[in-house]
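Structure first, commentary second.
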Protein chains: 2
Amino acid sequence: RLVLDLADALAAKGLLSGLRVLISAGPTREPIDPVRFIGNRSSGKMGYALAAAARNAGADVTLVSGPVALDAPAGVETVRVETAAEMHAAVMARTGGVDIYIGTAAVADYTPARVADAKIKKHGEQLELTLHRTPDILQAVAALPDKPFIVGFAAETGEVETYARAKLEAKGADLVAANEVGSGAPGGFERDENALFVCWRGGECHLPLADKTEIARRLIRLIAERYYADNTDQDP
Amino acid sequence: RLVLDLADALAAKGLLSGLRVLISAGPTREPIDPVRFIGNRSSGKMGYALAAAARNAGADVTLVSGPVALDAPAGVETVRVETAAEMHAAVMARTGGVDIYIGTAAVADYTPARVADAKIKKHGEQLELTLHRTPDILQAVAALPDKPFIVGFAAETGEVETYARAKLEAKGADLVAANEVGSGAPGGFERDENALFVCWRGGECHLPLADKTEIARRLIRLIAERYYADNTDQDP
C-alpha cells in the first residue's frame with residue numbers, strides 16, 4: 001500500500017514525460033519448416049496495455065511485438081517481428097537513449113537447430129527435434145554499458161515469488177513482475193485480467209486481479225516510482 | 001473447363017440440398033508444456049469459406065475447427081478443438097450419416113511424446129524433443145464401413161501435382177485439392193487468395209488464383225459434380 005500511496009502522490013499525467021520507454025510484447029514463433037512452428041500462448045495484451053499506459057504517462061514509447069491479433073497502440077512506434085532472433089535484433093537496435101526497458105514478450109528459450117526449407121514429410125512413428133538456446137534479450141540489455149532501468153516479466157506455473165526473485169538476481173533486472181499462467185490460474189496468457197507479484201531489490205508488492213488496462217496503469221506508476229528512486233539522490 | 005461448364009449447368013442454389021457435409025478447418029496446437037506448443041500457419045479461412053459455400057449450396061454443415069481468429073459461420077454447427085487428438089475424436093464422433101467429408105484442417109502429423117505439467121525451465125544449450133505420429137483423420141474416415149465422399153487437402157511447398165495424386169491414392173480420398181504454401185507462393189496459408197490444383201481418379205482441373213470465397217464456391221460446385229458422378233449410375 002505504501003508504494004501505491006506514494007505513486008498516487010505523483011500526478012499520473014506526465015509521470016514519465018521526457019523519458020524513452022522500450023517494450024517487447026507478444027510471443028515469438030520459431031519455424032520448424034515453412035508451415036510448422038513452435039509458438040506460445042502469449043496474447044501480447046499485457047505488453048500492449050503497458051505501452052498505452054506508458055504513453056498516457058507521457059513517455060516516448062517504442063513497442064517491439066511478436067505475432068499477435070492486436071492493433072498497434074496510437075502514438076506508439078510499433079515494430080513487428082516473428083522469431084526470437086528477430087526480436088533480439090529489433091530490441092538491441094533500439095536501446096540507444098532508452099531510459100526504461102520493459103520485457104513482457106514471451107520469447108522462445110529454444111529454437112529448432114535447423115529450419116527445413118521444404119515442408120517435412122511424414123516418415124516413421126517418431127521424430128526427434130533438436131532445439132538450441134536463443135539469446136537472452138533481458139540479459140543482453142542489462143549488459144549494455146549505459147543500461148536502462150530494466151523490468152522483467154516472469155510467466156510461471158508455480159512458485160511465482162521464488163522464480164521472480166531468482167530472475168531479478170540472475171538477469172540483472174531492476175524490477176520483476178510475475179503472474180501465474182496455465183490451467184487454473186486466474187489471469188495471465190490469453191486472459192483479459194491479470195494479477196501480479198512485483199519485486200525489486202529491497203521491496204515487493206502484490207497488484208491484485210484486475211483488467212489488464214488497470215494492472216498496466218498501476219504497474220507503470222510503480223515502475224516510475226522505482227525508476228526515480230534509483231535515479232535520484234533522495235531515499236525512496 | 002469442361003467440368004466447370006457441367007457444374008454451371010446445375011443450379012448453384014440447392015446443389016447440395018439434403019446432404020450432410022462435415023468439414024475440418026484450421027490448425028491444431030500440440031502442447032509441449034502449459035505455455036509452449038507446436039502450431040502451424042493455417043488460418044482456417046479456406047475451411048470456413050467452404051463451410052459457408054456448402055451451406056449456401058443447401059447442405060447441412062458441421063465444422064470442426066482448430067484455434068483460429070474467425071467467427072463461426074451463421075447456420076453452421078461449429079465445434080472448437082485444439083489438438084490433433086481432439087480433432088480426430090470430434091470428427092469421428094460426427095461421421096454418422098455424413099455424405100461428404102472435407103478435410104481442410106492442417107492437423108499436426110507429430111505431437112510431443114510427453115506433455116510437461118509445469119513450464120519447462122531452461123537447462124543447457126540444447127533440448128531434444130521427441131514427437132510421436134498423430135492418428136490420420138482422413139484415413140480413419142476413409143476406413144469407415146459406410147464411408148462418405150472424401151475430399152482431402154494437400155498443403156505442399158513444391159511438386160504439388162505429384163503429392164496431390166499420391167495423397168489421393170494413399171489416403172483413399174475421392175478428390176484432393178492442393179495449393180502451394182510457404183514463401184513465394186501466391187496463395188495459401190495466411191493469405192486471402194488461393195489457387196488450387198484439384199484431382200480425382202480419372203480427371204483433374206486447375207482453379208486459378210481468386211479470393212478464398214470464390215475459390216470455395218467453385219470447389220463446392222466441383223465436389224458436388226464428382227459426388228453425383230460417383231453416386232449415380234450415369235457416366236460422369
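Per DSSP helix of 4 or more residues, -39500 (n - 2.57); summed, then divided by the residues of chain A. What does that give at 222 nm, rounded to the nearest 500?
About -8500 deg cm²/dmol.
Quick one: check the C-alpha center-to-center distance for the stretch A:93-170 versus the stretch A:23-91, whole angstrom.
Going from one Cα centre to the other spans 13 Å.
Restricting to chain A, compute how many DSSP beta bridges are antiparallel as a %, nearest 5.
Among the beta bridges of chain A, antiparallel pairing accounts for roughly 40 percent.
Just to be sure I follow the definition: excluding the sites themselves, where is the longest run in chain A that has none of the GluC sites (Glu not before Pro) in a DSSP loop with at most 11 other Cβ atoms within 10 Å?
A:1-124
Counting other beta carbons within 10 Å of each residue's own, what order do B:Ser65, B:Ser24 fall into, fewest first?
In order of increasing Cβ crowding within 10 Å: B:Ser65, B:Ser24.
Sorted from shortest, what are the nm distances separating the label point of B:Ala72 from equivalent points in the other copies, each placed 7 Å from Cα along Cα to C-beta?
Label-point distances to the other copies, shortest first: 3.6 nm.
Rounded to the nearest 5, what is the percent of antiparallel bridges among the DSSP beta bridges in the protein assembly as shown?
45
From the P(r) of the protein assembly as shown, could you give the percentage of C-alpha pairs in the tail past 38 Å?
Taking all Cα-Cα pairs of the protein assembly as shown, the fraction more than 38 Å apart is 35 percent.
If each label sits 7 angstrom from Cα along the C-beta direction, how far apart, in nm, is A:Pro145 from its counterparts in the other copies?
Reported distances to equivalent positions: 7.9 nm.
Counting DSSP beta bridges in the stretch B:52-149, what percent are antiparallel, to the nearest 5?
Around 40 percent antiparallel, to the nearest 5.
Per 0.36 nm of contour for each residue apart, how much would the distance between A:Asp146 and A:Tyr228 grow if the chain were fully extended, relative to their Cα-Cα spacing?
That pair, A:Asp146 and A:Tyr228, stretches by 27.9 nm at full extension.
Starting from the Cα gyration tensor of the stretch B:56-103, take the square roots of the eigenvalues, sort them a ≥ b ≥ c, and report rounded, prolate or oblate (rounded when a/c is under 1.5, otherwise prolate if a/b is larger than b/c, else oblate).
Taking the square roots of the gyration eigenvalues as a ≥ b ≥ c, the stretch B:56-103 is oblate.
What residues qualify as long-range amide H neighbours of A:Ile32, i.e. H under 5 Å apart, gap of 5 or more or another chain, H built at 1.01 Å from N?
Residues meeting the amide H criterion: A:Phe37, A:Ile38.
Given A:Lys119/B:Lys147; B:Lys45/B:Lys171; A:Lys167/B:Lys121; A:Lys119/B:Lys122; A:Lys212/B:Lys121; B:Lys147/B:Lys171, which pairs have Cα atoms separated by over 21 Å?
Beyond 21 Å between Cα atoms: A:Lys119/B:Lys147; B:Lys45/B:Lys171; A:Lys119/B:Lys122; A:Lys212/B:Lys121.
How tilted is helix B:45-56 with respect to the longest principal axis of chain B? Cα atoms for both, answer in degrees (0 to 90, nearest 10).
30
Can you list the distances in nanometres, one decimal and ascending, from the B:Gly202 label point to the identical position in each other copy, with the point 7 Å along Cα to Cβ?
With the label placed 7 Å along Cα→Cβ, B:Gly202 yields 8.5 nm.
Rounded to whole Å and sorted largest first, list the principal axis extents of the Cα atoms in the stretch B:19-167.
57, 35, 30
Rule-based calculations on the coordinates, nothing more; no lab input. Bear in mind that the values here come from a model prediction, so they are computed numbers and not experimental data. Neighbour counts are summed over all protein chains in view; Cβ atoms, including those assigned to glycine, are modelled from backbone coordinates with ideal geometry.
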